[in-house]
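Let me begin by presenting the structure, written as structure tokens, before commenting on it.
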Amino acid sequence: MAGGARGIRKSWQGIVVSDKMDKTAVVQVERMVLDPRYKKYVRRRRKFMAHDEKDECRLGDRVEIVETRPVSRNKRFKVVKIIERGKILAKEVAGNDSK
């Protein structure tokens, strides 16, 4: 692509559910989808590993992630900004993972 033009990158907002790795945050993105048969909204959750260069994300933070080139085997996103600092305790986040 000439002139530095790039495609439009997808971005999502989610909550950090793990910050144990170095320069990596696991972000859970939740979206509401209309069920085709029952016509009710259902929650769909997906976890993404996102590159956090400054290692500033903490458990429970609401962050914005954006698509990027592959950084490692599982990381294809990077943290763009921290929207809101976390108010969730580690126990509550861990409880959501077991479902």
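The values are calculated or read from the model by the stated rules, or taken from the named source; none is laboratory data. Nothing here was measured: the structure is a model prediction, and the numbers come from that model. Counting neighbours? That spans all protein chains shown, and the Cβs are built from the backbone with ideal geometry, glycine included.
Taken together, the residues in segment 19-45 that are over 13 Å from Phe77 (Cα atoms) and in a strand (DSSP E or B) amount to 10.
Which residue pairs have Cβ atoms closer than 6 Å, lie 6 or more positions apart in sequence or on different chains, and pair a first residue in segment 24-35 that is over 17 Å from Ile82 (Cα atoms) with a second residue that is in a strand (DSSP E or B)? Here the result reads Arg31/Arg44; Met32/Tyr41; Val33/Val42; Val33/Arg44; Leu34/Tyr41; Asp35/Val42, each pair linking segment 24-35 to a residue that is in a strand (DSSP E or B). Scanning segment 75-90 for residues that are over 13 Å from the mean Cα position of the chain (by Cα) and of a type outside the set (A, V, I, L, M) yields Glu84, Arg85, Gly86, Lys87. Among the residues of segment 46-69, those identified as more than 18 Å from Lys87 (Cα to Cα) and either in contact with a Pro (Cβ under 8 Å, 6 or more places away or on another chain) or not in a loop (DSSP other than H, G, I, E, B) (or both) are Arg46, Lys47, Phe48, Met49, Ala50, His51, Ile65, Val66, Glu67.
Here the condition is being modelled with pLDDT of 95 or more, among the charged types (D, E, K, R) and on the phi > 0 side of the Ramachandran plot; of Lys78, Lys39, it holds for Lys39 alone.
For segment 9-61, a residue qualifies if it is out of contact with any Ser or Thr (no Cβ under 8 Å at 6 or more places or on another chain) and of a type in the set (Gly, Ala, Ser), and the qualifying residues are Ser11, Gly14, Ser18, Gly60.
Return a yes/no flag: does segment 6-13 have any residue that is hydrophobic (A, V, I, L, M, F, W, C), modelled with pLDDT of 95 or more and within 15 Å of Phe77 (Cα to Cα). Taking every residue of segment 6-13 in turn, at least one turns out to be hydrophobic (A, V, I, L, M, F, W, C), modelled with pLDDT of 95 or more and within 15 Å of Phe77 (Cα to Cα).
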